[in-house]
Structure formats: C-alpha cells, structure tokens
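All remarks here apply to the structure that follows.
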Amino acid sequence: MYQQFFLERLIFRLCYPTIVKISLTRRSALVVVDVQNDFLPGGALAVPGGDSVIEPLNKYIGMFAKQGLPVFATRDWHPKQHVSFKEKGGPWPPHCVQNTWGAEISSMLSIPPDVRIVDKAFSPDRDAYSGFQETILDLELRRLGIRRVFIGGLATDYCVKATVLDSLELGFETILLLDAIKGVDVNPGDSENAIKTMILKGAIAITIEDIITS
Ligand SMILES: [Zn+2]
C-alpha cells in the first residue's frame with residue numbers, strides 16, 4: 001500500500017513540483033466512489049488491497065462531517081443480468097447486484113447518517129463507471145451550490161478515473177485524493193496512467209495533509 005502511495009506521490013511531485021494547499025470551502029463536497037463489499041477483499045470483484053482506502057477515507061469523511069459539508073457515496077447498482085457480467089458478454093464476474101451483501105457499502109466505512117447515496121449502472125443494458133453517468137450527482141451538487149469536489153475510493157483506473165474526468169468536464173474544481181484510492185491494474189501501470197491522465201486533464205492531486213481546514 002505505502003509503496004504505491006509513495007510512487008503516486010512521487011509522480012505527482014514530478015508533475016507539480018509546488019504542492020498546493022487546498023481549503024475546504026463552504027462549496028466543497030466529498031464523493032466516495034464504490035467502497036462496496038464486492039470491491040473489497042472477499043468480494044466478487046475485489047480490488048487487490050482495496051481495503052487500504054477505508055482508513056484514509058474515514059479521515060476525510062470525518063473532516064467533511066465536522067464542517068457540515070456534504071458527503072456522497074456512489075454505488076455500483078446492477079440488476080441480476082447486467083450487461084457488464086461475463087455471462088452477458090461483459091468483462092466482469094457478477095458483482096454489486098442490487099440489494100445483495102456485495103452491493104452494500106462497507107460497514108467499515110464511517111459514512112455519516114446524512115450521506116447522499118448515488119446509484120449508478122442500474123439499467124440492465126448499460127454500464128456506467130462514472131458516478132455522474134445517468135445519476136443524480138451533478139444535479140445534487142449544483143442544487144447545493146458545490147464548486148469543489150473531492151474524490152476518492154475504488155477503483156483508481158475505472159470508476160474513480162471516470163468520475164474525476166466527468167467532474168472536470170462538468171466544470172467542478174476536482175480534487176483527487178491520492179491517499180484514498182486503489183486501482184485494479186488489469187494491465188500493469190493502469191493506475192499510474194489513470195492518475196497521470198486525471199492530472200493532465202486538470203485534477204488537483206492531494207493527500208490529506210494538503211487540506212487546510214478553518
Ligand atoms: Zn459494475
């Protein structure tokens with residue numbers, strides 16, 4: 001875990017030698033991507049070491065909750081016969097089937113009682129990696145007047161990447177939480193490349209010590 005973290009941090013430092021400090025403004029929100037049982041060790045589509053994101057995410061969640069800032073949690077929320085499943089010709093084993101244990105957000109995650117759940121990829125014939133794709137997320141963020149979106153979770157090279165890129169595309173200041181993401185790396189280097197792409201497209205990559213709370 002730490003090895004990858006320092007590697008990611010090094011890449012970031014090489015890309016952006018001056019570390020920016022980011023404040024939690026009143027227009028900030030946290031988006032926790034897909035920290036569901038099936039994506040954690042023991043789950044149907046476990047991200048190797050995926051549980052390493054929980055402790056740092058809990059710290060971020062605590063920070064946002066303390067400031068009364070909104071916390072969103074996305075869920076992969078598939079019907080039984082989903083197009084992304086191997087039996088339907090998709091790339092993945094069945095995972096995150098609606099109303100099953102695997103689709104539940106990990107009980108180790110300290111989500112606040114007023115967490116806003118965002119379900120995605122719930123249509124049988126369409127997949128969605130991004131938390132913004134055919135969901136309420138954009139609308140909800142705008143309704144709350146959010147301008148700055150902090151994103152962490154699983155997996156770096158799929159749903160985190162897609163969510164970050166959509167967030168940028170939609171015009172939000174987008175902060176990638178380097179110490180609270182973990183990738184699948186189906187091909188070696190996928191996560192590293194995903195991080196590079198997100199930064200090149202405008203994401204600001206930080207770790208928790210870069211946040212200023214007032
Ligand atoms: Zn899925």
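The values are calculated or read from the model by the stated rules, or taken from the named source; none is laboratory data. Quick caveat: nothing in here was measured; it's all calculated off a predicted structure. Here Cβ is always computed from backbone atoms with ideal geometry, including for glycine, and neighbour counts include all displayed protein chains.
Go through the stretch 53-83 residue by residue and tally those that are under 13 Å from the mean Cα position of the chain (by Cα) and either within 16 Å of the ligand (Cβ to nearest atom) or of a type in the set (Ser, Thr, Tyr) (or both).
Looking only at that region, the number is 5.
The rows are residues; the columns are (1) touching a helix residue (DSSP H, G or I) at 6+ places or on another chain (Cβ under 7 Å); (2) among the acidic types (Asp, Glu); (3) over 12 Å from PHE150 (Cα atoms).
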| site | (1), (2), (3) |
| --- | --- |
| ASP166 | no, yes, yes |
| VAL186 | no, no, yes |
| ASP190 | yes, yes, yes |
| ILE206 | no, no, no |
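Residue-by-condition table, conditions (1) exposed (fewer than 13 other Cβ atoms within 10 Å of the Cβ); (2) modelled with pLDDT under 95; (3) outside any loop (DSSP other than H, G, I, E, B):
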position	(1), (2), (3)
PHE5	no, yes, yes
LEU10	yes, yes, yes
ILE19	no, yes, no
THR25	no, yes, no
VAL31	no, no, yes
ASP38	no, no, yes
GLY43	no, no, no
ALA46	no, no, no
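What do you reckon, is ILE175 β-branched (Val, Ile, Thr), surrounded by fewer than 19 Cβ atoms within 10 Å (Cβ to Cβ) and under 24 Å from GLN36 (Cα atoms)? Reasoning before the result, please.
Numbers: β-branched (Val, Ile, Thr): yes; surrounded by fewer than 19 Cβ atoms within 10 Å (Cβ to Cβ): no; under 24 Å from GLN36 (Cα atoms): yes.
Judged against the criteria, ILE175 is not a match.
Does the stretch 172-188 include one or more residues that are at pLDDT 95 or above, touching an Asp or Glu at 6+ places or on another chain (Cβ under 6 Å) and within 16 Å of VAL31 (Cα to Cα)?
yes
Quick check, is LEU168 touching a Phe, Trp or Tyr at 6+ places or on another chain (Cβ under 7 Å) and not aromatic (Phe, Trp, Tyr)? Step through it out loud before you land on a result.
Details: touching a Phe, Trp or Tyr at 6+ places or on another chain (Cβ under 7 Å): no; not aromatic (Phe, Trp, Tyr): yes.
For LEU168, the condition - touching a Phe, Trp or Tyr at 6+ places or on another chain (Cβ under 7 Å) and not aromatic (Phe, Trp, Tyr) - is not met.
Which one of these does ILE136 not meet: (1) touching a residue at least 60 places away in the same chain (Cβ under 8 Å); (2) under 20 Å from VAL71 (Cβ atoms); (3) among the β-branched types (Val, Ile, Thr)?
All conditions are met except number (1).
Cβ contacts < 6 Å: first residue aliphatic (A, V, I, L, M), restricted to the stretch 72-100; second residue loosely packed, with under 15 Cβ neighbours inside 10 Å and assigned to a loop (DSSP other than H, G, I, E, B), any location; separation 6+ or different chain. Result?
Hits for this filter: VAL83/GLY90; VAL83/ASP125; VAL97/LYS80.
Considering the stretch 84-118 alone, what residues qualify as being more than 21 Å from ASP51 (Cβ to Cβ), surrounded by fewer than 20 Cβ atoms within 10 Å (Cβ to Cβ) and more than 10 Å from the ligand (Cβ to nearest atom)?
LYS86, GLU87, LYS88, GLY89, GLN98, ASN99, PRO113, ASP114, ARG116
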